[in-house]
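Enquirer: I am attaching a structure below and will ask some questions about it afterwards.
The values are calculated or read from the model by the stated rules, or taken from the named source; none is laboratory data. Everything numeric in this text was worked out from a predicted model, so none of it was measured. Positions of Cβ are generated from backbone atoms using ideal geometry, with glycine treated the same way; all protein chains shown enter the neighbour counts. Heads up: the accessible areas ignore ligands, DNA and RNA and are worked out on the full protein's heavy atoms, side chains in. Shrake-Rupley method; radii C 1.70, N 1.55, O 1.52, S 1.80 Å.
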Amino acid sequence: MDEHEPIELAKGVYWVGVVDWNLRDFHGYETPKGGTYNAYLIVDEKITLIDTVKAPFFSDMARRISRIVDPSKIDYIICNHVEMDHSGSIPDIMEMAPNAKLFASSKGEKGLAEYYREKGYDKWDLTVVKTGTELSLGERTLMFIEATMLHWPDSMQTYLKDNAILFSNDAFGQHIASSKRFDDEIDDLITDAGIYYANILMPFGSQILKYVERLNELNVNPKMIAPSHGVIWRSNIQEIITAYGHWASGHNMQKVLVIYDSMWGSTEIMASEIVEGVMRSGVEVSMRHLRKNDWSLTMKELMDASVIAIGSPTMNNDMFFTISGFLTYMRGLRPKNKKFFLFGSYGWGGGAVKGMDKELEIGKFDIAMESMEVKFLPYEEDKKVCQDIGYKLGEIAKANANY
Ligand code: FEO
């Protein structure tokens with residue numbers, strides 16, 4: 001593929017986004033596979049751009065558009081979401097196409113005013129749209145769907161009724177960089193979509209369930225879902241919508257996740273023995289050292305697991321700093337229906353388990369069983385206790401699973 005070649009999704013509908021091959025950190029969220037910012041162009045009587053790209057990539061998007069039409073001829077620009085990975089190039093494209101009309105949700109308008117008041121906002125011809133508002137492009141019609149809290153208050157989606165293409169913005173995205181543009185060209189895309197969901201959308205399960213109902217009420221049955229990140233769903237549409245329903249309902253598999261950090265190996269020995277015990281119970285288990293594994297995949301594993309064991313060494317009478325950071329991250333993402341177990345080690349004075357316990361209490365998380373702490377080193381009798389705990393956690397995972 002030419003680096004600036006547009007991709008035609010349907011007659012007159014093009015992907016004009018960019019691939020960010022070197023993206024490894026998306027505002028703190030690890031993206032080991034890179035990412036994309038997707039923009040789409042519809043050529044009808046009115047030439048319409050749906051979303052833009054992160055500002056540093058504006059010229060790449062403009063070159064791709066230029067392969068189809070003169071960018072100055074764009075009539076309409078739809079801003080589905082003001083976060084700057086999508087709105088960042090609006091000031092530049094508005095300079096190129098100063099007569100273009102902008103469309104956004106009412107919160108979207110407020111966000112654009114805040115972000116771009118020194119970058120031309122006052123001169124823009126902006127119309128606020130709501131769920132059900134239609135916009136004729138000539139032969140085809142767009143309908144707007146507010147998607148509040150998927151994942152920001154301003155989030156909106158755009159449905160091209162005639163082709164049944166849903167431009168879903170952040171929903172149904174994945175962070176992967178690829179020369180492929182469609183779901184049936186990528187292996188195990190559902191895992192990437194799950195990682196994305198766990199780290200971006202997990203706090204908003206109840207809004208997502210309502211949103212899926214709203215699509216039915218509006219008779220939106222997409223034949224294609226074109227998100228603003230990753231590849232386009234054209235073959236596994238029902239599969240991804242069903243997966244969103246499961247994830248949003250707080251699904252729990254028969255799985256235990258052991259998350260830990262370690263300074264001199266004691267907490268790691270405990271983690272390993274707990275894992276052995278879980279394996280004896282026949283339940284799937286995964287073990288993640290927080291400084292050796294990326295947190296975005298760890299969060300996907302946490303979303304799937306029904307029991308989470310978290311282990312920390314004691315440092316300065318408190319939990320280790322990676323554990324504290326992870327717990328803060330996890331609390332914000334509000335995983336549902338999980339049961340937790342805490343373990344840790346200390347030398348002269350304890351504090352790790354107490355610190356973690358406070359964090360779980362703030363987040364109102366459920367405790368599966370009493371915590372365990374070891375002084376200096378776990379000996380054979382401690383290892384046996386850890387194994388027994390692991391076995392019990394496996395049994396609790398069986399009882400707590402709903403999927
Ligand atoms: Fe892809 Fe909420 O920005």
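Enquirer: Using all alpha carbons of region 256-398, what is the percent of pairwise distances in each 5 Å bin, ordered from the shortest bin to the longest?
Expert: In order of increasing distance, the bins hold 2, 11, 23, 25, 23, 13, 3, 0 percent.
Enquirer: To the nearest Å, what is the center-to-center distance of region 287-331 and region 187-208, using C-alpha atoms only?
Expert: 19
Enquirer: Quick check on the chain: helices-only [θ] at 222 nm, where DSSP H runs of length 4 and up contribute -39,500 (n - 2.57) each and the sum goes over total residues. Nearest 500, please.
Expert: -10000 deg cm²/dmol
Enquirer: Using unit Cβ charges (K, R positive; D, E negative) and no other charged atoms, how large, in debye to the nearest 20, is the dipole of the chain about its Cα centre?
Expert: So the magnitude is around 540 debye.
Enquirer: Straight-line reach from LYS107: which aspartates and glutamates have Cα under 15 Å away, leaving out those fewer than 8 places along the same chain?
Expert: Filter leaves GLU83, GLU146, ASP154.
Enquirer: I would also like to ask the following. Relative contact order (percent) for region 256-398, with alpha-carbon contacts under 8 angstrom and 6 or more residues of separation?
Expert: Here the relative contact order equals 34 percent.
Enquirer: Still on this model: With axes computed from alpha carbons, what is the tilt in degrees of helix 205-217 against the longest principal axis of the chain, rounded to the nearest 10 within 0 to 90?
Expert: Roughly 40 degrees, rounded to the nearest 10.
Enquirer: Calculate how many DSSP beta bridges within region 5-153 are antiparallel, expressed in % of all such bridges and rounded to the nearest 5.
Expert: 65
Enquirer: What ranking of HIS251, HIS246, HIS27 comes out by heavy-atom accessible area, probe 1.4 Å, highest first?
Expert: Heavy-atom accessible area, descending, gives HIS27, HIS246, HIS251.
Enquirer: Which peptide among 121-131, 10-20 comes first, and what is the full order, when sorted by highest mean count of other Cβ atoms within 10 Å?
Expert: 10-20, 121-131
Enquirer: Mind putting together the pair-distance distribution for region 1-156? All Cα pairs, 10 Å bins, whole percent per bin, short to long.
Expert: Calculated over all Cα pairs of region 1-156, the distribution is 11, 41, 38, 10, 0 percent.
Enquirer: What is the helix-to-structure angle for 266-281, meaning the angle in degrees between its Cα long axis and the longest Cα principal axis of the chain, kept from 0 to 90 and rounded to the nearest 10?
Expert: Computed tilt is about 80 degrees.
Enquirer: Just report the Cα centroid separation between region 130-184 and region 8-43, whole Å.
Expert: Cα centres, region 130-184 to region 8-43: 14 Å.
Enquirer: Another question about this same structure. Taking a 20 Å limit on the Cα-Cα distance, which of the listed pairs LYS336/LYS398; LYS354/LYS392; LYS130/LYS336; LYS300/LYS338; LYS54/LYS161 fall beyond it? Could you put the intermediate results ahead of the total?
Expert: On the way: LYS336/LYS398 16 Å; LYS354/LYS392 22 Å; LYS130/LYS336 31 Å; LYS300/LYS338 13 Å; LYS54/LYS161 27 Å.
Cα-Cα > 20 Å for LYS354/LYS392; LYS130/LYS336; LYS54/LYS161; rest within.
Enquirer: Tell me, what HN-Hα J-couplings in whole Hz come from the Karplus equation 6.51 cos²θ - 1.76 cosθ + 1.60 at θ = phi - 60° for each residue of region 224-236, using x for Gly and Pro?
Expert: Working through the residues one at a time gives 8, 10, 10, x, 8, 9, x, 9, 8, 8, 10, 10, 10 Hz.
Enquirer: Can you quote the Å³ per residue value for the convex hull of the Cα atoms in the chain, rounded to an integer?
Expert: Value for the chain: 138 Å³ per residue.
Enquirer: Could you tell me how many degrees, from 0 to 90 and to the nearest 10, lie between the Cα long axis of helix 380-400 and the main elongation axis, the longest principal axis, of the Cα atoms of the chain?
Expert: 40
Enquirer: Now for a separate question. Using alpha carbon coordinates only, what is the Rg to Rh ratio of region 172-231, with Rh defined as the Kirkwood radius?
Expert: Computed over Cα atoms, the ratio is 1.00.
Enquirer: Can you give me the % of accessible surface on region 229-352 that is carbon or sulfur? Probe 1.4 Å, all protein chains present, nothing else counted.
Expert: Carbon with sulfur: 51 percent of the solvent-accessible area.
Enquirer: Still on this structure, please answer the following. Antiparallel versus total DSSP beta bridges in region 69-212: what percent is that, nearest 5?
Expert: Numbers: 11 of 18 bridges.
Antiparallel bridges: around 60 percent, rounded to the nearest 5.
Enquirer: Of ASN22, PHE341, MET303, which is farthest on the positive side of the dipole of the chain, counting Cα position, with +1 on Lys and Arg Cβ, -1 on Asp and Glu Cβ, and the Cα centre as origin?
Expert: PHE341
Enquirer: What does DSSP give for region 162-321 in terms of the percent of beta bridges that are antiparallel, rounded to the nearest 5?
Expert: On the way: 3 of 20 bridges.
So the antiparallel bridges amount to about 15 percent of the total.
Enquirer: While we're on this one: Rounding to the nearest 20 debye, state how big the charge dipole of region 1-97 is about its Cα centre with +1 on each Lys and Arg Cβ and -1 on each Asp and Glu Cβ. Each step should come with its number before you reach the end.
Expert: Details: 9 positive and 17 negative charges, 22 e Å.
Dipole of region 1-97, to the nearest 20 debye: 100 debye.
Enquirer: Just to confirm, what accessible area per residue do you get for the chain at 1.4 Å probe, in whole Å²? Walk me through the numbers before you get to the answer.
Expert: Numbers: 16940 Å² over 403 residues.
Per-residue accessible area for the chain comes out at 42 Å².
Enquirer: Quantify how much of the Cα-Cα distance distribution of region 173-330 extends past 20 Å, in percent.
Expert: 58
Enquirer: If N is the number of residues in region 308-362, what value comes out of its Cα radius of gyration divided by 2.2 N^0.38 Å? Walk me through the intermediate numbers first.
Expert: On the way: Rg = 11.0 Å, N = 55, 2.2 N^0.38 = 10.1 Å.
Here the Cα radius of gyration is 1.09 times the empirical estimate.
Enquirer: Top mean-square fluctuation among ASP85, ASP25, ASP170, Gaussian network model of the chain, C-alpha springs under 10 Å?
Expert: ASP25
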